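The values are calculated or read from the model by the stated rules, or taken from the named source; none is laboratory data. Computed from a predicted structure; not experimentally measured. Please note: Cβ atoms are built from the backbone with ideal geometry, for glycine as well, and neighbour counts cover all protein chains shown.
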Amino acid sequence: MNGKGNRERLRKARQASPPPVRFDPASLEELVFERRVYEVITPMFGGVVPRSPDPITPVRGTAIRGQLRFWWRAVRGGKSNGDLARLYELEAEIWGMAAGGGAKAGASRTAAAESEAAYAVSAEAGFSEVAAAYAGAAGAAPDEAGNTDAGTAEAAAAEATAEAAAEAAAAYPGAGKSGADGQKPHRSMNVQIFVRMLTPHDPLRYETPYPQVNREEQRERNGRNDRDLRQEPNSLWKKVAYVAFPLQSTRGEPRLPPGRVIRGVKFALELIYPKRHQEDVHAALWAWETFGGLGARTRRGFGAIRLVEIDGRRIPPPATVDDVRRDIEKKLKQYVGVDGKWPPGVPHLHPHMRLKVIGPSGPRAGSSGDDGRFRSAQTCYRNVEDAWTELVSKLRAFRKQQVNGRSAWPEADAIRNLLRAPGRRGRPQNEPKGEIIDKFPRAAFGLPIVFHFRGGKSDPREKNIELRGRLLGDGNSVDRLASPLILRPYACQNGAVGLALILENTGIFQWRGHRLALQAGRRTYAVDPFLTPKEAQKISPLQPLPLRTVDGKVDVLAAFFETL
């Protein structure tokens, strides 16, 4: 929806006159009113506007709800004991179901018989309005009702946003409307989410990392070379270009413009939920704050968030690498535990998962008066950008290794060998000598992968060839595989550290028995991503590293972890 449409939607929502929020004191369930303030510490992109954040509501409650659902499954899904249907029921009880999901449908509704109490909520009530009404019905001041943030009381008269209205309306179908008997319908409340932007007087900063000049100007300056249509990005965007490719303009048809990011985002997340769900809600919040983010490509560090305060109480960040590590290990034991079993294919955390907290360990560079002394491994990077770019550089160095100008990984030569013209069995002179390993091990980092060829003598006719997800029984394929690898910066008192982790129960090892799909033009080939230890010994990026195997196949992600 364009900006004009968004403004019209907001105008209509504000003109609406919803009925006041009314609670029956005899039916009040014990609620928690919680307000958390966050900063987005790395550039954020993605939204309803193509290749750009939403200029009206860059942070949406629905998006945060989706994030919290995912991270709740990651930390608490073991309570299902491996039963996917049971996991769905547990999740719906806390976070709600999508509308149209059957008898229990409704964004956050549970059966009345299972609820501890019931109450009615206006379809367009906001956090402050609900808190005030609840406190009045209970005969207590807002603070005594569980809302300890004085700033929220001051905002009690603030209008509910259009999104908060939609969230509440979906959560409580029929709330605020009288039935045939004149009584208000009641629903058990689950987690309600409201978002308030906190940057109205500090305008958000939009940036186009890889700008493009117009064609006429470029032709006057540099001729008709398409490669020169892009302007030079700044230092940061040069360093993270390897993970920022979706922001770069495309040369295909249709040609897409360069993407934009947004900086300086600060917002309040306001939550209302039954106290019986508090442990689950806090578990999901902690996992999202620590490993997740907002927008697109959060698993590569975009949209990373920092918790600033809870109910007006400032939350100081940890001081050292060890502090971060100890805090994460403590929370993993508290929220995840070792009991229970996740259903197959559900990504999750584990107290003993593969996790690294990374700090600098070389001469401090880039500052005036530097004496070249080595920094302690326990100190943090000087800022978030240093931590982020270090993670990206390590990933790029591992995945992009070359030998004599050619990729040290086997995929490109495997494609050349697979697509070589019939009868052309001899090797072109520019191909490397040695055995061709017809495997695609970098699929472990996520799919799809697009391989670009320059049109050399040994290259296939197609310049762009895509490696997609697994082939299914009917010959179709699943295009995407989210990367099990998460890389993101995490704020410290005097800078940041780098976090790297591998989600359990996900990745190509969950697809054993299936092959990947290599799409070359209209042709599709079934290919294999799994290396044997003997094959791995012939791939130079893996040679110096200790190799971990799963059922006799090499775990490439574990090998990457050895480089951090």
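Just a few scattered comments:
- Qualifying positions in the stretch 387-431 - surrounded by fewer than 16 Cβ atoms within 10 Å (Cβ to Cβ), modelled with pLDDT of 95 or more and β-branched (Val, Ile, Thr): none
- Being modelled with pLDDT of 80 or more, under 24 Å from the mean Cα position of the chain (by Cα) and closer than 19 Å to residue 51 by Cβ is a condition met by at least one residue of the stretch 223-238.
- Taken together, the residues in the stretch 388-423 that are closer than 17 Å to residue 516 by Cα and of a type in the set (Val, Ile, Thr) amount to 1.
Residue by residue, here is whether (1) of a type in the set (A, V, I, L, M); (2) over 17 Å from residue 349 (Cβ atoms); (3) in the same structural domain as residue 490 (by TED's automatic domain parsing); (4) crowded, with 18+ Cβ neighbours inside 10 Å holds:
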site: 275; (1), (2), (3), (4): no, yes, no, no
site: 280; (1), (2), (3), (4): no, no, no, yes
site: 283; (1), (2), (3), (4): yes, no, no, yes
site: 290; (1), (2), (3), (4): no, no, no, yes
site: 301; (1), (2), (3), (4): no, yes, no, yes
site: 310; (1), (2), (3), (4): yes, yes, no, no
site: 322; (1), (2), (3), (4): no, yes, no, no
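One line per residue, one yes/no per condition, for (1) at pLDDT below 80; (2) not β-branched (Val, Ile, Thr):
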{"position": "450", "(1), (2)": "no, no"}
{"position": "458", "(1), (2)": "yes, yes"}
{"position": "469", "(1), (2)": "no, yes"}
{"position": "486", "(1), (2)": "no, no"}
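- Candidates are the residues of the stretch 32-59 that are charged (D, E, K, R) and modelled with pLDDT of 90 or more; the one that is surrounded by the fewest Cβ atoms within 10 Å (Cβ to Cβ) is 39.
- Which listed residue is within 30 Å of residue 324 (Cα to Cα) and among the basic types (Lys, Arg), from 512, 488: 488
- A search for C-beta distances below 9 Å between a residue of the stretch 390-413 that is outside the structural domain of residue 466 (by TED's automatic domain parsing) and without any contact (Cβ under 8 Å) to a residue 12 or more places away in the chain and any residue that is small (Gly, Ala, Ser) and surrounded by fewer than 13 Cβ atoms within 10 Å (Cβ to Cβ), counting only pairs 6+ apart in sequence or on different chains, returns nothing.
- In the stretch 449-471, the residues that are in the same structural domain as residue 524 (by TED's automatic domain parsing) form Cβ pairs under 6 Å with partners that are of a type in the set (Val, Ile, Thr) and part of a strand (DSSP E or B), at six or more places apart or across chains, as follows: 451/465; 464/450; 466/450; 467/449.
- Residue selected from the stretch 493-544 under the condition aromatic (Phe, Trp, Tyr) and under 24 Å from the mean Cα position of the chain (by Cα), by the criterion surrounded by the most Cβ atoms within 10 Å (Cβ to Cβ): 511
- Filtered residues of the stretch 301-353 (kept if under 21 Å from residue 509 (Cα atoms) and among the charged types (D, E, K, R)): 341
- Within the stretch 484-529, the only residue that satisfies the criterion of being of a type in the set (Asp, Glu) and either outside the structural domain of residue 417 (by TED's automatic domain parsing) or over 30 Å from residue 387 (Cβ atoms) (or both) is 528.
- Residue check, residue 294 surrounded by 21 or more Cβ atoms within 10 Å (Cβ to Cβ), closer than 24 Å to residue 392 by Cα, among the aliphatic types (A, V, I, L, M) and in the same structural domain as residue 193 (by TED's automatic domain parsing): yes
- Extreme residue, surrounded by the most Cβ atoms within 10 Å (Cβ to Cβ), among residues of the stretch 60-96 that are not basic (Lys, Arg) and not in a helix (DSSP H, G or I): 96
- Selection of the stretch 475-520 for residues being in a strand (DSSP E or B) and small (Gly, Ala, Ser) yields 477, 491, 495, 496, 498, 500, 517, 520.
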